[in-house]
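Okay, structure first, notes after.
The values are calculated or read from the model by the stated rules, or taken from the named source; none is laboratory data. Everything numeric here is computed off the predicted structure, so don't read it as measured data. As a convention, Cβ positions derive from the backbone with ideal geometry for all residues, glycine included, and neighbour counts pool all protein chains shown.
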Amino acid sequence: MKAPTCGTIQGCIEAFIEATNTNAVASAACICCAREDFVMLMMTLKTAAIPNQHLLKPNTPHIKQDLLNGMVIYKPALTGEMTTICHECL
Ligand SMILES: [Zn+2]
């Protein structure tokens, strides 16, 4: 059995840092289902580009619903004009 080379050790360290850095573990909420997941597993898009918007519009809006363009959404997932959506809701 041989000791790992410096290149192997350095590669492992770089892979660990890449997998655990702030961007890799950042989380966000889905605008449709409010699920919180890793940002890298979600899609970031403009609110106007949310797919199937007609499915988010209630047939009978309720006075307590806070709608955006007629859609029931999870508003904390909004960041200005941008939002995140999980792959299950796409
Ligand atoms: Zn979702």
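For segment 30-43, state whether one or more residues are in a loop (DSSP other than H, G, I, E, B), of a type outside the set (Ser, Thr, Tyr), out of contact with any Cys (no Cβ under 6 Å at 6 or more places or on another chain) and more than 16 Å from the ligand (Cβ to nearest atom). Steps first, please.
So in segment 30-43, the residues in a loop (DSSP other than H, G, I, E, B) come out as 30-35.
From the residues that got through so far, the ones that are of a type outside the set (Ser, Thr, Tyr) too are 30-35.
Still in the running and out of contact with any Cys (no Cβ under 6 Å at 6 or more places or on another chain): 31, 34.
In the following step, the residues that additionally are more than 16 Å from the ligand (Cβ to nearest atom) were identified as none.
No; the residues of segment 30-43 include none that is in a loop (DSSP other than H, G, I, E, B), of a type outside the set (Ser, Thr, Tyr), out of contact with any Cys (no Cβ under 6 Å at 6 or more places or on another chain) and more than 16 Å from the ligand (Cβ to nearest atom).
Scan segment 11-27 and give yes if some residue there is more than 13 Å from the ligand (Cβ to nearest atom), in contact with a helix residue (DSSP H, G or I) (Cβ under 8 Å, 6 or more places away or on another chain) and of a type in the set (D, E, K, R), otherwise no.
Yes.
Evaluate segment 52-72: report whether one residue or more is among the β-branched types (Val, Ile, Thr), touching a Ser or Thr at 6+ places or on another chain (Cβ under 8 Å) and surrounded by 12 or more Cβ atoms within 10 Å (Cβ to Cβ). Spell out how you get there, then give the answer.
The initial filter retains those residues of segment 52-72 that are among the β-branched types (Val, Ile, Thr), namely 60, 63, 72.
Checking which are touching a Ser or Thr at 6+ places or on another chain (Cβ under 8 Å) leaves us with none.
No, the conditions are met nowhere in segment 52-72.
With the structure loaded, tell me whether PRO4 is modelled with pLDDT of 90 or more and either out of contact with any helix residue (DSSP H, G or I) (no Cβ under 7 Å at 6 or more places or on another chain) or surrounded by 10 or more Cβ atoms within 10 Å (Cβ to Cβ) (or both) or whether it fails that test.
Numbers: modelled with pLDDT of 90 or more: yes; either out of contact with any helix residue (DSSP H, G or I) (no Cβ under 7 Å at 6 or more places or on another chain) or surrounded by 10 or more Cβ atoms within 10 Å (Cβ to Cβ) (or both): yes.
Considered against the rule, which asks whether it is modelled with pLDDT of 90 or more and either out of contact with any helix residue (DSSP H, G or I) (no Cβ under 7 Å at 6 or more places or on another chain) or surrounded by 10 or more Cβ atoms within 10 Å (Cβ to Cβ) (or both), PRO4 comes out as yes.
If you go through segment 40-51 one residue at a time, how many are surrounded by 15 or more Cβ atoms within 10 Å (Cβ to Cβ) and either modelled with pLDDT of 95 or more or touching a helix residue (DSSP H, G or I) at 6+ places or on another chain (Cβ under 8 Å) (or both)? So that I can check it myself, show each step before the final result.
Keep residues of segment 40-51 that are surrounded by 15 or more Cβ atoms within 10 Å (Cβ to Cβ), which gives 42-43, 45, 47, 50.
Remaining after also requiring either modelled with pLDDT of 95 or more or touching a helix residue (DSSP H, G or I) at 6+ places or on another chain (Cβ under 8 Å) (or both): 50.
Selection size over segment 40-51: 1.
Among the candidates GLU18, GLU88, which residue alone is in a loop (DSSP other than H, G, I, E, B) and among the acidic types (Asp, Glu)? So that I can check it myself, show each step before the final result.
Details: GLU18 fails: in a loop (DSSP other than H, G, I, E, B).
Unique residue meeting the criteria: GLU88.
Scan segment 48-60 and tell me whether some residue there is part of a loop (DSSP other than H, G, I, E, B), away from the ligand (no atom under 16 Å from the Cβ), of a type in the set (Gly, Ala, Ser) and over 12 Å from CYS33 (Cα atoms). Let's see the steps before the verdict.
Step one: of segment 48-60, the residues part of a loop (DSSP other than H, G, I, E, B) are 50-52, 57-60.
Restricting the remaining residues to those that are away from the ligand (no atom under 16 Å from the Cβ) gives 57-60.
Still in the list and also of a type in the set (Gly, Ala, Ser): none.
No, that holds for no residue.
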